[in-house]
1. Taking the Cα centre of the chain as origin, sum charge times position over the Cβ atoms of Lys and Arg (+1) and Asp and Glu (-1), and report the length of that vector in debye to the nearest 20.
2. In terms of solvent-accessible area of protein heavy atoms at a 1.4 angstrom probe, what is the ranking of Cys221, Cys231, highest value first?
3. Of Lys47/Lys181; Lys15/Lys290; Lys15/Lys181; Lys15/Lys48, which pairs sit farther than 27 Å apart, going by alpha carbon to alpha carbon?
4. Viscosity 0.692 mPa s, temperature 37 °C: what is the translational diffusion coefficient of segment 109-231 from Stokes-Einstein with a Kirkwood Rh over Cα pairs, rounded to a whole number of µm²/s?
5. Solvent-accessible area per residue for segment 128-223 at a 1.4 Å probe radius, Å²?
6. For segment 223-321, go through all pairs of different Cα atoms, get the mean of 1/r, take its inverse, and jot down that Kirkwood value in Å.
7. If a paramagnetic tag sat 7 Å from the Cα of Asp50 along the Cα-Cβ line, which residues of segment 217-258 would have the backbone N under 20 Å from that point?
8. Measure off 7 Å from each Cα along the Cα-to-Cβ vector at Gln13 and Ala283, then give the distance between these two points in nanometres to one decimal.
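The values are calculated or read from the model by the stated rules, or taken from the named source; none is laboratory data. Only a predicted model underlies this, so the values are computations on that prediction, with no experimental measurement involved. Counting neighbours? That spans all protein chains shown, and the Cβs are built from the backbone with ideal geometry, glycine included. What goes into the accessible areas is simple: the full protein's heavy atoms, side chains included, and nothing from ligands, DNA or RNA. Shrake-Rupley method; radii C 1.70, N 1.55, O 1.52, S 1.80 Å.
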Amino acid sequence: MAKQKETQGCCEQFKTLIGGQALIEGILMRGPDKQAIVVRSKDGLVKKVDDLKLTKKRSALARVPFIRGIFTFGGSMVNGIRALLFSAEYFPEEEGGSGEPSKLERWIEQHFGSEKLEQFIIYSAAVLGIGLSVGLFILLPTLISGLIPGLYDNHMARNLVEGLLKIIIFMGYMILVSQMKDMKRVFSYHGAEHKTIRCYEARLPLTVENVRPMSRFHPRCGTSFLLVVVCISILCGAAIQVSNTLLRMGLHLLMLPIIVGISYEINRFAGRHDNWFTHMLSAPGMAMQKFTTQEPDDSMIEVAIEAMREVIPEQEGEDQW
């Protein structure tokens, strides 16, 4: 174990822009020019590689600090769900599942075509996912605190209780999800993704033997970003000096774009730099990754390596911060 820790701590040579996402029996890797989805099916590895140069047109507004995070977060949600749907196609259905499309899905496909149906499913899932996250981690604590006697007009105590509830609900949710059988495999792929990026940043050959001892924790993780969002929402919520619960919830919603923008810049800064300050910023998110990543097996590492190889730019340094 001591040898592994030493390997984890001393071999990073640079910081890459390449990031990833765990899928159902697969991994999505996204580089500066290409995106690769690699899924392990019963017939072997399935790959889908897209050239991002063809779809990389972004508005000037989407490159402005503290605003770009909103665009990046929304795009990542849509892109991640599209990748999940792709990986789900190769995941065997449970026995007893009908697999039949709903009446709404059939109506959309008949009137608008299968492409519109896919877009409808993707964007609906993205809206639902964001809505559930906001409702669970941001609005629910506000609602609960409004029901506690003695807190209604005590703004300082109420903000403190809201912040505590946000942390408890977020951590409780992550811990519970990490105990689900199917999610443990997804989180193992998550660990394989991080390990492979670590190995690449160490400029070591991408082999199972080199990837295996790497750390499964990485500062530019989505878990870290969500935790930063929760923490920033607590700080921003302290400025709300309103007693009415519905009005407080509305103000939290209005502040959400600001919170996401600030959180993105913090996560980006922590991922680009390596010093005591960024280590301090990254520490809570890295700790949460103990629940949202698991040690992968070699077959999962092979998937991550294959996805990484597809997105490494031809010219060295193009993916460096």
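1. On the way: 35 positive and 34 negative charges, 181 e Å.
About 880 debye.
2. Cys231, Cys221
3. On the way: Lys47/Lys181 25 Å; Lys15/Lys290 22 Å; Lys15/Lys181 33 Å; Lys15/Lys48 25 Å.
Flagged as over cut-off: Lys15/Lys181.
4. 183
5. 47
6. Computed over segment 223-321, the radius equals 16.6 Å.
7. In segment 217-258, the label zone of Asp50 (backbone N under 20 Å from the point 7 Å along Cα→Cβ) covers 222.
8. Result: 3.1 nm between the two label points.
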